[in-house]
Amino acid sequence: MKLAIIPGDGIGPEVMNEAIKVLNTLSHLDSSFSLQFEELPWSSNYYMESGKMMPADALDQLKQFDAILFGAIGDTRVPDDITIWDLIMPIRKEFQQYVNVRPVKQLKGVKAPLITKAPIDFVVFRENAEGEYSNMGGRMYHGTSQEMAVQTTVMTKEGIRRLAEYSFQYAREHGRKKVTSATKSNVITHTMKLWDEVVSEVSQDHAGIALESIYIDALAAYFINRPEAFEVVIASNLFGDILTDLGAGLVGGLGLSPSANLNPEGRFPSMFEPIHGSAPDISGKGIANPIAQIWSAALMLEHNGRPDLGEIILQSIEKVLVDAEFLTPDMGGKSQTAVLGDAIIRAIHEQA
Ligand code: ATP
């Protein structure tokens, strides 16, 4: 497997080190898993030196890889819209990574903030290529009291259909019985009505899997009241972004939550990353939780034909969480990033 690694900014390189250690361990232990990777320095430092977040031929370079493992991006020296729109967005959009997968799963050993009737275990599929996160729009009358701004939400029938289709397929393949759609068609009457119609149409082809549509404001409350009741949730780009940070909070925090940006057809490489950002408040202290990054590597293996290795990683993470000896401060422990990473590697050796 040929892997592109973009550690990025802040805690990105710190947590990425641990994910690389884990992947190297697996490739030493399993001779059928061969791993070649190249580390790409594209980041805010790269921008400060070159005036660009990544080179002009970056996407052509990335196309040569089977997958991309991404750390985090964001730095006070560079405006957020540059770090995001000149690095991560072109990759997601040009590579048609239209499905953003975010597991909201309560791992064994994690003390979640809510007491629930059953462990929380659902997956959010967020639309990742269009929706509210289009950069179509503009501003007029700068600096005057008439200043105005317009940013257009773009929803296409095909964009909604392919996400819904992927989500229902996933539900079928994973024994899930219900898909919950986040909507707001009572107020956002054009784009969200199209969303509802297309999701409903797709659901007709999937007998045996129920569809429930819930307004986003109520859904946010249900995430707190009865998170154990969800199985698969589908949401637009903005709704999904917010819901999944809420989801991360439900199952232990940002340091524990991974995501996958998938191009399901495999025409382009998919990209795997933690959902957290560069966390400037803790960067350089060596205390970032590397689990989200390591779990994102597990998702990468699962998507690239080695679900067995992904499962070994997840079970090793759970073992270390249950032992609770080497936790980072965000989980109430005192360990450093590398100490937690090493504990996960020992757990992998024990399983092998
Ligand atoms: P961005 O805009 O890039 O999302 P941010 O600072 O707004 O950046 P995060 O970087 O995700 O958001 O961090 C939010 C909070 O969560 C911070 O207080 C940070 O310290 C904490 N946090 C995020 N990731 C981790 C992690 N891996 N380990 C420990 N704490 C984390």
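The values are calculated or read from the model by the stated rules, or taken from the named source; none is laboratory data. The shown structure was predicted, so the numbers you read here are calculated from the model rather than taken from an experiment. Virtual Cβ from ideal backbone geometry, glycine too; neighbours counted across all protein chains shown. Calculation scope for accessible area: heavy atoms of the full protein, side chains included, ligands and nucleic acids excluded. Shrake-Rupley method; radii C 1.70, N 1.55, O 1.52, S 1.80 Å.
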* Residue tally, condition assigned to a loop (DSSP other than H, G, I, E, B), surrounded by 16 or more Cβ atoms within 10 Å (Cβ to Cβ) and of a type outside the set (S, T, N, Q), over the stretch 315-335 -> 3
* Of the residues that make up the stretch 18-41, is at least one under 21 Å from E311 (Cα atoms), within 13 Å of the ligand (Cβ to nearest atom) and either at pLDDT 95 or above or of a type in the set (A, V, I, L, M) (or both)? -> yes
* Within the bounds of the stretch 302-314, is there any residue that is in a helix (DSSP H, G or I), touching a residue at least 60 places away in the same chain (Cβ under 8 Å), within 12 Å of the ligand (Cβ to nearest atom) and open to solvent by 10 Å² or more (accessible area, probe 1.4 Å)? -> no
* To do: Determine if the stretch 272-291 includes at least one residue that is within 11 Å of the ligand (Cβ to nearest atom), assigned to a helix (DSSP H, G or I) and crowded, with 24+ Cβ neighbours inside 10 Å.
  => yes
* Scan M89, M48 and give me the residue that is of a type in the set (A, V, I, L, M), part of a helix (DSSP H, G or I) and touching a Lys or Arg at 6+ places or on another chain (Cβ under 7 Å). => M48
* Hits in the stretch 85-119 (condition: in contact with a Gly (Cβ under 8 Å, 6 or more places away or on another chain) and among the β-branched types (V, I, T)) -> V104, V110
* Asked: Do we find that G255 is assigned to a helix (DSSP H, G or I), within 16 Å of the ligand (Cβ to nearest atom), surrounded by 23 or more Cβ atoms within 10 Å (Cβ to Cβ) and at pLDDT below 95 in this structure?
  -> yes
* Just a yes or no: is a residue in the stretch 166-182 among the polar types (S, T, N, Q), at pLDDT 95 or above and open to solvent by 60 Å² or more (accessible area, probe 1.4 Å)? -> yes
* To do: Taking the options D81, D30, D9, name whichever one is touching an Asp or Glu at 6+ places or on another chain (Cβ under 7 Å) and either touching a residue at least 60 places away in the same chain (Cβ under 8 Å) or open to solvent by 20 Å² or more (accessible area, probe 1.4 Å) (or both).
  => D9
* Residue within the stretch 216-239 that is closer than 18 Å to I160 by Cβ, out of contact with any helix residue (DSSP H, G or I) (no Cβ under 9 Å at 6 or more places or on another chain) and open to solvent by less than 50 Å² (accessible area, probe 1.4 Å) present -> yes
* Leading residue by the ranking (nearest to the ligand (Cβ to nearest atom)) among those in the stretch 51-78 that are of a type outside the set (D, E, K, R), more than 22 Å from E18 (Cα to Cα) and open to solvent by 10 Å² or more (accessible area, probe 1.4 Å) -> T76
* To do: Run down I188, I160 and say which single residue is of a type in the set (A, V, I, L, M) and assigned to a loop (DSSP other than H, G, I, E, B).
  => I188
